[in-house]
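Let me begin by presenting the structure, written as C-alpha cells, before commenting on it.
Values quoted throughout were computed directly from the atomic coordinates according to the rules given, and no laboratory measurement underlies them. Here the structure is a predicted model, which is why all the values come from computation and not from measurement. Cβ coordinates were reconstructed from backbone atoms using ideal geometry, including for glycine residues, and neighbour counts include every protein chain displayed.
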Amino acid sequence: MTDTVIPTATTARPRRLSFEWLGVAPFILFAVMFLILPTLYLVGAAFVGRDGQLTLDNIAGLFTEQILAAYWISIRISGASAILGALAGLAIALAIIRGRLPDGLRSAVMTFSGVASNFAGVPLAFAFISTLGRLGLVTIILKTVFDIDIYRAGFNILSFWGLTLTYLYFQIPLMILMIAPAIDGLKREWSEASQTLGATPLQFWLYVGFPILWPSFLGTLSLLFANAFGAIATAYALTGSSLNIVPILLYAQIRGDALQNPGLGAALALGMIIITAAANILYLVISARAERWMR
Amino acid sequence: MSDQHFLRVDNLSKSYGANQVVKGVSFGFDKGEFISLLGPSGCGKTTILRMIAGFETPNGGAIHVDGKDITGLRPNERKLGMVFQAYALFPNLTVGDNIAFGLKVAGVPREQRRARVDEMLKLIGLPGYDKRYPYEMSGGQQQRVALARAIAPRPRLLLLDEPLSALDAKIRVSLREQIRAIQRELGITTVFVTHDQEEALSISDRVVVMNAGNIEQLGTPHDIYNRPATRFAATFVGHLNALPHATFGADRAIRPELISLSPRPDTDTTLVGTVSDIGFMGSVLRLKVDVEGTPLSIDTFNANAAPPQRGDQVTLHLAARDVLVLGAA
Amino acid sequence: MKADKFWSWLVFGLGAAYFLVPLIATFEFSLKMRRGYYSFDAYASVFADPDFQATFLYSSLVGLLAIVVGVLVVVPAVYFVRLRLPHLRPLMEFITLLPLIIPAIVLVYGYIRLYNSSSVIPFTGSALGTDILLTCAYVTLALPYMYRAVDTGMRAIDIKTLTEAAQIMGADTPRIIATVILPNILVAVLSGAFLTFAIVIGEFTITSLLNRPGFGPYLQIVGANRAYEPSALAILSFIITWGAMGMIQLLARFAPRTSARTD
C-alpha cells in the first residue's frame with residue numbers, strides 16, 4: 001500500500017502510521033502475553049533445575065517408563081483418532097458433496113458438523129458413557145438382543161479404543177468442515193476432461209482428485225492430531241486419572257505437583273509442544289512438496 | 001440425413017424440468033469438417049455439445065459417430081477430445097503429464113507417450129515446455145496445451161466449448177487461426193461452440209445458427225451471411241440496416257458495406273440523406289446517415305481523402321439484389 | 001451412476017448412525033432417573049441445583065466478556081493488516097494458528113507459572129485478577145475462530161474501497177471502523193461471537209486449573225458423583241452448542257456480499 005490517497009502525505013503520514021500500529025498493537029500485545037511468553041517461559045523452565053541452575057536433568061527425567069508410556073499412548077490415541085477421523089470425514093464429505101445426494105443433506109451435515117466439532121469435553125464423555133459404558137444403551141442392547149457382551153469380549157470405554165471411538169465424535173466433523181472447501185475447489189471440468197480422455201472415475205481420483213486434495217488432507221490431519229493430543233476434558237471425565245495419557249499426567253502435576261518436580265512438569269509440557277509442532281512442521285514440509293504446482 | 005455422415009445427430013432433445021432447451025435438433029456432417037454451433041447464450045448449443053460428449057443424457061434422439069450409435073455410451077467410452085472454456089488443465093500435473101493423460105489411462109507405454117507429447121508440443125508451438133506446470137503459463141499457452149491434451153489420444157471428434165472466450169482479443173485471433181491450421185493438418189472433425197459470430201464465420205466450413213433450442217440455419221459462412229434464412233439468422237449474424245418502409249416496403253434490410261457513397265456498375269437505387277455521425281474504426285469508416293427519418297449505417301473503407309463531415313448531404317447507392325427480405329420466422 | 005449413489009448413501013448412513021446413536025442413548029439414559037418409567041426428573045434436578053445456575057451464569061458472563069475483548073483485539077488488527085500492513089499477514093496467520101498447536105493445558109500451565117502471586121503481573125493473586133486471566137485465556141482459545149470469521153467478513157466486503165470512499169467524505173479512522181466497517185462485518189463478528197461462546201461455555205481445562213467456579217468443572221464434578229444428571233447435562237450442552245451454531249447459520253443468510261469473491 002502506498003500513500004496515493006492523501007495529497008498532503010507529509011503531514012498526514014505520521015498520524016496515520018500511529019493509527020495503524022495502534023490498531024495492531026493490542027493484538028500483538030495479547031499474543032505476546034497469552035501465547036508467546038507463557039510458552040517460552042515453560043520452554044525455559046524445562047531447562048532450569050530446582051537450584052536455579054541450567055540443567056538437562058528435567059529432559060532426562062522424561063525418559064522414565066511411566067512418562068514414556070504416557071507419551072506413547074497419547075501419540076497412539078491421537079494418531080488413531082486423527083487418521084480414522086480424517087478418512088471417515090473425507091468419505092462423508094465426498095459423499096455429501098460429490099455423491100449426488102439430495103441438496104438439503106449437505107447443509108444439514110455441515111451444520112451438524114459445526115455443532116459436533118464443538119461438542120467436546122465433559123458432556124461428550126457423558127454421552128459415550130450413556131452409550132457404550134457398562135450400562136450404556138448400545139452395550140445393553142447388544143447384550144440382551146444380540147447376546148454379545150462387548151465388555152466380556154475385552155472392550156472398555158476407558159481403554160485405548162474406547163477413547164479413540166469417543167474422540168472420533170469431534171474429529172470426524174472437524175475433518176468434514178476443513179476438507180469441504182478443498183472438495184468444492186475441485187472443478188467439474190477436471191473430472192469431465194479426464195472422462196473425455198478415457199479415464200475411469202477411479203483413475204480420475206487416483207491421478208487428479210486425491211493428489212489435489214492431498215495437501216489439505218495432510219494439513220487437517222496434523223490439526224486433528226494436535227487437537228486430540230492436547231485434549232484432556234473428555235479423557236478426564238471419562239476415566240478420571242486412571243488413563244495414563246500425557247495431558248492427564250500434566251493435569252495432575254499442575255494440580256498437586258504429582259511428579260514432585262516443577263522442572264519436570266515444564267519438560268512434560270515442552271514435550272507436548274514439540275510433538276504437536278512436529279506434526280505441523282511435518283505437514284508444512286510434505287505440503288510444500290505436494291503443492292509445488294500451486295502458486 | 002444421409003447414412004454416410006461422420007457425425008449425425010437425429011431429433012435430439014433435452015429438457016430440464018419443464019424447460020426444453022434443445023427441441024428436436026438434427027444435423028449431419030462429413031469427416032474432417034469444421035462445424036460451429038453459433039447462437040446467443042441459452043440457445044442450447046452448449047447442451048448439444050455436452051450431449052455429444054456424454055455429460056448430459058438426451059431426453060430423445062440419437063447421436064451417431066462414424067456409423068455407430070454412441071447415445072448410450074459413457075463419456076470415457078466415446079473416444080472424443082474436448083477443450084473447455086476455462087482450460088481445465090489438471091493443476092497438479094506438468095504440461096507433459098497433462099498431454100500424456102489420455103494415453104496413460106489407455107495403457108500406452110511410457111516411451112510412446114513421451115514421443116507423442118514431444119510431437120504435440122511441436123504441433124502447438126511450445127516445444128520444451130513439458131516440465132512446466134499450468135500455473136506457470138499464460139492463458140493462451142494453457143489453452144494450446146489443453147488442445148494438445150485433447151488431440152493426443154487421436155480422438156474421432158474434437159469438441160471445443162467456447163475455447164477462446166477467456167482470452168484477450170489479440171490472442172483470440174491468433175489462437176483461432178492456429179486451431180484451424182492444426183485441424184486442417186490432422187483432418188479431425190471438429191465441433192466448435194461459440195456465441196461470437198465473427199469467430200464462427202472466420203473459422204468454420206459450416207455453421208449451425210441456433211436460437212431457443214432450434215436450428216435457424218445450417219450452411220457455409222458465406223451462405224449464412226449473404227442469404228440468411230430467417231430473421232433471427234439475419235440479425236444475429238453481422239450488422240443490418242432496416243430500410244425505410246416508404247421506399248422499399250416492409251421488412252427490407254441491407255448490410256452496411258453494401259451501401260456506397262459513389263455510383264457502382266450495379267447501382268439501381270439511390271437515396272439522399274444527411275450524415276449524422278462518423279465513427280472511425282481504422283480500416284473501416286462507419287457513417288450514420290439519416291434518410292427520411294430512418295438511420296442507416298454505412299461502412300466504407302478508409303481512404304487517404306477527407307471524409308464526409310457531420311451535416312453533409314450524401315447520395316447513397318445500392319443494388320436491389322443486395323436487399324434482404326426478412327421472413328416472418 | 002447407480003453404484004455411486006449407493007456408496008454415498010451407505011457412507012452417509014453409517015456416519016449418521018455413529019453420530020445419532022450416542023445422542024439417542026444419552027437422551028434415553030437421562031429419562032431413566034425414576035425407576036420403571038421415563039421422566040424428566042433428571043432435568044428438574046439439574047435446574048434446581050443452585051450450583052448449576054451459579055456456574056452457568058459465571059461461565060456465560062466470562063464468555064460474553066471474552067467475546068467483547070476478542071472483538072476489540074481482533075477487528076482493528078485484521079482491518080489494518082488487510083488495508084495497510086499486508087506484510088504482517090503471515091505473522092497474523094501464524095499467531096492465530098498457535099492456539100490450535102499449543103494445547104490449552106500447556107498454556108494454562110504457563111499462565112500459572114508466569115502470572116503467579118509473586119510475579120510482576122500477579123493475575124492469579126486475586127479472584128478478580130484470575131477472572132481477568134480466565135477471560136483472556138478464553139479469548140486466546142477462540143482466537144483462531146474469531147480471526148477467521150472476521151477475516152472472511154472483511155474479504156467479502158471491499159474494505160479498501162469503503163475506506164477510501166469514507167476518507168474522501170472526510171471521516172477519520174476510528175469513525176470509519178465504527179460506522180462503516182463494523183456494521184458491514186457485523187454478521188461475521190457475531191458468527192465469531194457465537195463460536196466463541198460455544199467453545200468456552202463448557203471449557204474445563206483452564207477453568208478448572210485456575211480454580212474458577214465455571215460450568216465445565218461443575219459438569220465434571222456432577223459426572224463423578226451423580227448417575228442420571230450427567231446425561232441430562234450432556235443433552236443440555238448439546239442444545240446450547242446447537243443453539244450457538246444455529247445462530248451462525250441463521251446469520252450467514254444476512255451476510256453482505258457487496259463484491260465478487262475472488263476465491
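Can you tell me the 0 to 90 degree angle between the C-alpha axis of helix B:110-123 and the longest principal axis of chain B, rounded to 10? That helix lies at roughly 20 degrees to the long axis. Extending 7 Å from Cα along the Cβ direction at B:Asp69 and again at A:Leu68 yields two label points whose distance is 7.3 nm.
Across region C:116-200, the volume of the C-alpha convex hull divided among the residues equals 121 Å³ per residue. For region B:219-245, backbone nitrogen atoms closer than 17 Å to the point 7 Å from B:Asp266 Cα along Cα-to-C-beta are found at B:222-228. Taking the Kirkwood radius as Rh and the Cα radius of gyration as Rg, region C:49-252 has a ratio of Rg/Rh equal to 1.03.
Placing unit charges on the Cβ atoms only, positive for Lys and Arg and negative for Asp and Glu, gives region C:49-252 a dipole magnitude near 420 debye about its Cα centre. With contributions of -39500 (n - 2.57) from each DSSP H run of at least four residues, the per-residue ellipticity at 222 nm computed over chain A stands at -23500 deg cm²/dmol. Modelled this way, with points 7 Å down the Cα-to-C-beta line, the labels at C:Ser119 and B:Ala115 are 7.3 nm from one another.
Normalised by 2.2 N^0.38 Å, where N counts its residues, the alpha-carbon radius of gyration of chain A equals 1.28. Relative to one another, the C-alpha centroids of region B:169-240 and region A:226-270 are positioned 73 Å apart.
Note on B:Thr235/B:Asp277: beta-carbon distance plugged into 1/(1 + (r/R0)^6) with R0 of 25 Å gives a FRET efficiency of 0.75. For the segment A:249-255, counting C-beta atoms of other chains within 10 Å of every residue's C-beta and taking the mean gives 4. With Cα atoms defining each centre, region B:19-76 and region C:46-87 are spaced 58 Å apart in the structure. The mean sequence separation of alpha-carbon pairs under 8 Å and at least six residues apart, normalised by the residue count of chain B, gives a relative contact order of 17 percent. Once you treat every alpha carbon in chain B as an equal point and sum by Debye, what is log10 I(q)/I(0) at q = 0.07 Å⁻¹? Calculated log10 I(q)/I(0) at the listed q: -0.38. Once Rh for region B:9-154 is found with the Kirkwood sum over Cα pairs, what is the Stokes-Einstein diffusion coefficient at 25 °C and 0.890 mPa s, in µm²/s? Estimated via Stokes-Einstein, D reaches 145 µm²/s. For A:Tyr151 and A:Asn244, a Förster radius of 25 Å and the Cβ-Cβ distance give a FRET efficiency of 0.75, rounded to the nearest 0.05.
FRET efficiency for the pair C:Asp158 and C:Phe6, taken as 1/(1 + (r/R0)^6) with r the Cβ-Cβ distance and R0 = 51 Å, rounds to 0.65. Taking a point 7 Å from the Cα of B:Ala246 along the Cα-to-Cβ direction, the residues of region B:291-326 with backbone N closer than 14 Å to it are B:291-295.
Hydrophobic long helices, here whole DSSP H runs in chain A with Kyte-Doolittle means of at least 1.0 and Cα atoms spread over 18 Å or more along the helix axis, are found at A:65-98, A:160-184, A:210-230, A:262-290. Among the chymotrypsin sites (Phe, Trp or Tyr not before Pro) found in region A:22-104, those both in a DSSP coil and sparsely packed, with 16 or fewer other Cβ atoms within 10 Å of their Cβ, are A:Phe63. Between B:Leu157, B:Tyr133, B:Asn19, the Cα set farthest toward the positive side of the dipole of region B:7-235 (charges on each charged residue's Cβ, about the Cα centre) is that of B:Tyr133. Peptide C:20-32 has a mean shielding of 6, counted as Cβ atoms of other protein chains within 10 Å of each residue's Cβ. The calculated pair-distance distribution of region C:1-128 uses every alpha carbon pair, bins of 10 angstrom beginning at 0, and gives 9, 15, 22, 23, 21, 7, 1 percent.
Between the listed residues B:Thr230, B:Ala246, B:Thr190, the Cα displaced farthest toward the positive end of the dipole of chain B, a dipole computed from Cβ unit charges relative to the Cα centre, is found at B:Thr190. Calculate how many DSSP beta bridges within the protein assembly as shown are antiparallel, expressed in % of all such bridges and rounded to the nearest 5. Once the DSSP bridges in the protein assembly as shown are tallied, antiparallel ones form about 70 percent. Once Rg and the Kirkwood radius are both taken over the C-alpha atoms of the protein assembly as shown, their ratio Rg/Rh works out to 1.08. This ranking places A:Phe128, A:Phe146 by how few other beta-carbon atoms lie within 10 Å of each, fewest first, which gives A:Phe146, A:Phe128. Listed by Cβ neighbour count within 10 Å, with the fewest neighbours leading, A:Trp214, A:Trp21 appear as A:Trp21, A:Trp214.
Placing a label point 7 Å from the Cα of B:Asp196 along the Cα-to-Cβ direction, the residues of region B:119-152 with a backbone N closer than 13 Å are B:140. With neighbours defined as other Cβ atoms within 10 Å of a residue's Cβ, the residues B:Thr94, B:Thr189, A:Thr166 order from fewest to most as B:Thr94, B:Thr189, A:Thr166. With the charge dipole of region C:49-252 set up from +1 on Lys and Arg Cβ and -1 on Asp and Glu Cβ about the Cα centre, the Cα lying farthest toward the positive end among the listed residues C:Val108, C:Leu143, C:Ile201 is that of C:Leu143. For chain C, what are the DSSP H helices with axial Cα length of 20 Å or more and mean Kyte-Doolittle hydropathy of at least -0.5? Helix filter hits for chain C: C:2-30, C:50-83, C:127-156, C:186-200, C:229-252.
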